[in-house]
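Enquirer: Okay, here's the structure, questions in a sec.
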Amino acid sequence: MPDLLNVGLIGLGVMGQRMLARLAQHPRLRAARVWDADPAALARTLAAFPALQPADSAEALIASPDLHTLYIATPPAPHMVLSNRAFDAGLAVFCEKPLTVDFDAARRTIARIAAEGHRAAVNFSLASSPGLAALQAAVQGGIGTPQAVQIALAFAAWPRPWQAAAGAWLAERAEGGFTREVLSHFIFVLQRLLGPAQVLQSAPDYPADGRSAERALTATLQAGGVPVQVQAAVTGAVDDFNRFLLQGSTGAVELRDWFGLQRRQADGSWLGDGDPAALRQRGQADQLDQWVALIEGRPHSLPGFAEALAVQETIEALLAGQAPAA
Ligand SMILES: NC(=O)c1ccc[n+]([C@@H]2O[C@H](COP(=O)([O-])OP(=O)(O)OC[C@H]3O[C@@H](n4cnc5c(N)ncnc54)[C@H](O)[C@@H]3O)[C@@H](O)[C@H]2O)c1
């Protein structure tokens, strides 16, 4: 592989722009070619990043002989079609979560990846985080026996203000909502730590219009024999927050607001572990390094499509609702 690895990007909305900014800081990954179904998004991107080459279509971008990898940041519906076209062209794929809302297409794609040896990963931003590493160490004995997990999320508004420019899909039940967008990151962490989760009870609260995404969700799950409580809501009142608390027989570790990390001391008090901004920077830089490893066919810590589908199966079960067992 050459030193510089050329990235093609499809989907130039909120995430596409964020990834372009991050790629500009990376020594080995170079954003090369771009495409978006919306000509205005393509034009805005070329104005901001004049060195990029626009494609005439997704097919034309994927067929460009100078690319090493494809980054997909469209809404979920086209993820599988675009991934398969990229595999046809021999490209490594880095796809945004959620993997898909079409499980059959995802299963066919996962079988193809295994049979043909394609390189594919999904962008769960906590996959390379120091927080996940700390939780893994905790599960392996650092806090005794894992006893309980609590996941709590709150949103002042949905979509969040920084997503105001995203498409309508984000606020709609078919593809959007905070359970797919945000809770999925923590279900990914949960399942990587403790294995597959079973939904024991779930109560999503949907608006009466039949179209809009959930406004609240409470649920009980079990993963690796450990009980898991989820409480999430668009409250309109409090500032956004998220936390993932793992309690063990001799200690506890908590992820706070994505990359923040704290540990419970023997006296019951909590102590922050590292500066959250520095931990975020480290996690994001490492994630791009892991993408390089994926492209080069080396071992990496990014979730593959099968791991991402397992997350999505749990997420869709939560969204479908489940009455408590009688
Ligand atoms: N990993 C994370 O932390 C994270 C955070 C936010 C969003 N996301 C995910 O990133 C993806 C994109 O989200 P977003 O917030 O950028 O959405 P967005 O609506 O801002 O942007 C999506 C873009 O894709 C384009 N598009 C739609 N269909 C297309 C197609 N078939 N071909 C080419 N372009 C197409 C749209 O025109 C739009 O410009 C979603 O899957 C979302 O869940 C991930």
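The values are calculated or read from the model by the stated rules, or taken from the named source; none is laboratory data. Being a predicted model, the structure only gives us computed values, none of them experimental. As a convention, Cβ positions derive from the backbone with ideal geometry for all residues, glycine included, and neighbour counts pool all protein chains shown. Each accessible area value is taken on the protein alone, full model and side chains, heavy atoms only, with ligands, DNA and RNA left out. Shrake-Rupley method; radii C 1.70, N 1.55, O 1.52, S 1.80 Å.
Enquirer: Looking at I315, is it within 30 Å of L67 (Cα to Cα) and either in contact with an Asp or Glu (Cβ under 8 Å, 6 or more places away or on another chain) or open to solvent by less than 10 Å² (accessible area, probe 1.4 Å) (or both)?
Expert: It is false that I315 is within 30 Å of L67 (Cα to Cα) and either in contact with an Asp or Glu (Cβ under 8 Å, 6 or more places away or on another chain) or open to solvent by less than 10 Å² (accessible area, probe 1.4 Å) (or both).
Enquirer: Another question, if that's okay. Working only within segment 5-18, note down all residues that are within 9 Å of the ligand (Cβ to nearest atom) and either open to solvent by less than 20 Å² (accessible area, probe 1.4 Å) or in a loop (DSSP other than H, G, I, E, B) (or both).
Expert: Within segment 5-18, I10, G11, L12, G13, G16 qualify.
Enquirer: Among helices (runs of 4 or more DSSP H) lying entirely in segment 67-186, which contain 1 or more residues that are open to solvent by 40 Å² or more (accessible area, probe 1.4 Å) and within 12 Å of the ligand (Cβ to nearest atom)?
Expert: 79-88
Enquirer: Which ones in segment 212-231 are in contact with a strand residue (DSSP E or B) (Cβ under 6 Å, 6 or more places away or on another chain) and open to solvent by 30 Å² or more (accessible area, probe 1.4 Å)?
Expert: Matches in segment 212-231: R215, T218, T220, Q222, P227, Q229, Q231.
Enquirer: Moving on. Specify the residue that is most open to solvent (accessible area, probe 1.4 Å); the eligible residues are those in segment 232-251 that are out of contact with any helix residue (DSSP H, G or I) (no Cβ under 8 Å at 6 or more places or on another chain) and within 19 Å of L194 (Cα to Cα).
Expert: For segment 232-251, the residue satisfying everything is T250.
Enquirer: Further question on the same structure: Given the structure, is P2 more than 20 Å from the chain's Cα centre (by Cα) and either exposed (fewer than 15 other Cβ atoms within 10 Å of the Cβ) or away from the ligand (no atom under 16 Å from the Cβ) (or both)?
Expert: Spelling it out, P2 is indeed more than 20 Å from the chain's Cα centre (by Cα) and either exposed (fewer than 15 other Cβ atoms within 10 Å of the Cβ) or away from the ligand (no atom under 16 Å from the Cβ) (or both).
Enquirer: Condition first: among the aliphatic types (A, V, I, L, M), more than 30 Å from L4 (Cα to Cα) and at pLDDT below 95. Can you find one or more residues in segment 307-318 that meet it?
Expert: No, segment 307-318 contains no residue that is among the aliphatic types (A, V, I, L, M), more than 30 Å from L4 (Cα to Cα) and at pLDDT below 95.
Enquirer: Assess whether S301 counts as being in contact (Cβ under 8 Å) with a residue 12 or more places away in the chain, hydroxyl-bearing (S, T, Y) and surrounded by 15 or more Cβ atoms within 10 Å (Cβ to Cβ).
Expert: Yes.
Enquirer: Just checking, how many residues over segment 22-66 are part of a helix (DSSP H, G or I), within 13 Å of the ligand (Cβ to nearest atom) and either out of contact with any strand residue (DSSP E or B) (no Cβ under 8 Å at 6 or more places or on another chain) or open to solvent by less than 20 Å² (accessible area, probe 1.4 Å) (or both)?
Expert: Number of matching residues: 11.
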